[in-house]
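Novice: I'd like to ask you about the structure that follows.
Nothing in this text is a laboratory measurement; each read-out follows from the coordinates by a stated rule. Computed from a prediction, not measured in an experiment: that's the story for all the values here. Glycine gets a Cβ as well: all are built from the backbone with ideal geometry, and neighbour counts include every protein chain shown.
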Amino acid sequence: GIRDSVNGLVGSEMCIRDSGRCSGLVETPKQTETWVSGLNRKERWILPANLHKLAAAAARKAYAPYSGFPVGAAILTTDGRIFSGCNIENAALPEGWCAETTAISQMIMDGGGRIAEIAVVALKADQCPPCGGCLQRIFEFGAGSAKVHLCNAEGIVETCKLRDLLPRHFVKSGRPSV
């Protein structure tokens, strides 16, 4: 089953704007929900399982001819927007982009934001935590309390807080803030 080490729950929910970009996803609110600030009455529920579906769809678009290891990521921002990305390799390894970096770049191109949750899917592994560079990037645009959903092709395997994956992230002052 799914282990959510953030709050001990299975299938916590997030509320996002009804943007029409997530049609066909599960929209069943459960007992426990986390609210995204600044939403209007046209709110819609999104489960972490839906972030998994979006990340898995992104992974299927990965360009990974050298490693054969497709990865996808989907970000939910604190204001309810969703961005996804896949890994993109090139022959000059390691100059490719990780899926998390690609999703973050999509978020930046849409005006930026703060990361509330991110799902990372490796289609050929039990789970795939973000690499150190991606964890630092997620911290740059999120907070230590951001949820990181570690997934395989079938679903979420584990959910943890970002600060638990990278407890001593780099900050310019030399002291991490969580």
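Novice: Calculate the length of the line joining the C-alpha centroid of segment 122-178 to that of segment 68-88, in whole Å.
Specialist: Here the answer is 13 Å between Cα centres.
Novice: Turning to a different aspect of this structure: Based on the mean of other beta carbon atoms within 10 Å per residue, what is the order of 78-91, 158-171, most packed first?
Specialist: 78-91, 158-171
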